[in-house]
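Colleague: One structure, as structure tokens, below. Some questions next.
What follows is calculated from the coordinates using simple rules that are stated; it is not laboratory data. Model, not experiment: these values are computed from the prediction. Counting neighbours? That spans all protein chains shown, and the Cβs are built from the backbone with ideal geometry, glycine included.
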Amino acid sequence: MKKANFSSIKTKIFVSYGSLILIICIFTSLLYYYTAYNAFLKNYTKSSRQLSKIVSHQLDQYFEQINSIQKKILENDEIRDYIFVDAASQDFESDREFQKTIYTITGYDFGFFHMNILNLEDHSLINFGSRYIYTPSEDYKVTPEIQENIIDPAVALRGRKFIVPPGHGSLNIVDEDTPTLSFVRSFPRYSYSLSEPKGVIEIQVTSSSIQELLEATLLSYDNQAESIYIFDEEGRLVYPLDLPDEELKYYISLDTENKNDFKNPFTHKSEIVAGTSSSRTGFTVLLCTPDSALQSNKSFFRNVSLIIAAVSLLLLIALTYRLASSISSPIIKLKESIASLSLDSISEKSAYHADTSLNELEMLSDAYNHMQLRLKESLDDIVRSRTLSIHSQIMALQAQMDSHFLYNTLTIISIIAEENDDIQASEMCVKLTRMLRYITEDLSKSTTFSGELEHTRNYTDLMAIRYGGQICFEYDTEPSLSSVCIPRLVIQPLVENCVKYSRSPDRPLHILIRTWQDKDSWCAEISDNGSGFSKEVVDGIYEKIKKLDQEEAYPQIHINGMGLANIYLRLKLFYENDFRFDIENHGGPGDGSSVIIGGRMDHEK
């Protein structure tokens, strides 16, 4: 039964490329959204910093006007004479001249809420603003708060101004419901005198006038900042007046010079905070824009990203569909040609010619035509290969029968030796039988460390009987490695090489078989006190190993001829490249040599 069209190559190409294009469009739109919106945030933050500087500058100008009025008043000798001489007489004409002088300096709208002048000599107070009031010393009381917050700082500054935020002290509060900010400075009895201060002047401006100034500035620059916070150098709140102390401490702690994106711990919302500090007033102005105020901008960039992604997706899908059709059509025709092909119809006339401009499809068409011409030849090769395979199986069965015959013959010899009380001959037959069984098993199957060492001991026992005192074998093995899986015939052939090539009539041969565990690997060292390896032999071995590494198809491994290169090759096949194979000479000629091999203990895992 045919599957749905979804399994067709055309559909799969369309779906695969369409999915890839969809991912690319989504990624591109997200990248655009992220890049564009972050660029907007960067520009907005920059403009907020600039606006905070403008607001701070506007405040500086406004306060400088108040400061200028204050200086002009104190530089007028008539006003000083009135404060220290004429005010106490409460003469109507003197009072009227004083007010006219003040109006001359300030104008009739005088630009501030109220002014208080305190005579420190008699503690009399002059009030000027919406109305003029003279309060003699017996009616005005200097409280400890006024002394600490107003008079003492003013006297200490000796004529330099300082600004007192709302709620932090005043010489005289005219209206409890109208919060004011005070400009205070002390002055001496005479103008341009360096004598001790004899009076304190305070000019008050309302918080509402500061609010109007801030709103007008923000409105003129069309800024979206929802909150403005102003505090002085001592961390006292100037504007607004309803900010909790904990939030004020939070905003004071912000480092707006190096960072502008913060998360408010009280509202748990992100906000952009830009700040500027004024050296003229000591005020810090913070403009705070919550992330929610920028939601419309975020929505705009998101919608633009979606439109770009949708348009790009439609265009690319249309192109993908045409591409899938141009690829699938020749393949469908090739499939129909293959379906109609039979062994009897193979000829040059059945060749297929692809109607396409794609090189790959033309190559596929040529390969198909070439396949037709060689199909029969390949079938003949398969028949010949089958014949050879059957012949090889017959030979393998025959070899198996021969080995069983050899085992049975050795068993009969062992029984005859036991009947004649020749125990040594019997043991040699048993050990030789075990060795033959071990080496004739499939080399592709692994064994355990204990199995390989048992096979090695069978060999060394036979060699000890044969050579007697000419060879001494010593074992130093690690019991914990007994169950570790290793390749067959990697230790005994190394011992056999020592026996064959290291024996000398001058001295007994000593062979050490040592095994140990090195972290997560096993190691085995076979060393002797023979003549060692010559440089030519070592170079020949490594050259053969190098050729084996470069061969893509490894040669078939036989049981006999277990040379060092043969062992290296089987370790490589078993462990791939995670094994050890080292050849070392112990010193000079005649000092012996060793071969160290090893592999990972967790190979089976």
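Colleague: Please list, by residue number, every one of the trypsin sites (Lys or Arg not before Pro) in region 467-550 that is coil in DSSP and has at most 13 other beta-carbon atoms within 10 Å.
Modeller: Of the trypsin sites (Lys or Arg not before Pro), the ones in loops of region 467-550 whose Cβ has at most 13 other Cβ atoms within 10 Å are Lys519.
Colleague: Going through region 66-138, which trypsin sites (Lys or Arg not before Pro) have at most 13 other Cβ atoms within 10 Å and a DSSP loop state?
Modeller: Passing both the DSSP loop test and the Cβ count: Arg131.
Colleague: Given R₀ = 35 Å, what would the calculated FRET efficiency be for Ser16 paired with Asp366, taking r from the Cβ atoms and rounding to 0.05?
Modeller: 0.85
Colleague: Now for a different question. For Tyr34 and Leu375, FRET efficiency with R0 = 51 Å and r from the beta-carbon atoms, rounded to 0.05?
Modeller: It comes out at approximately 0.35.
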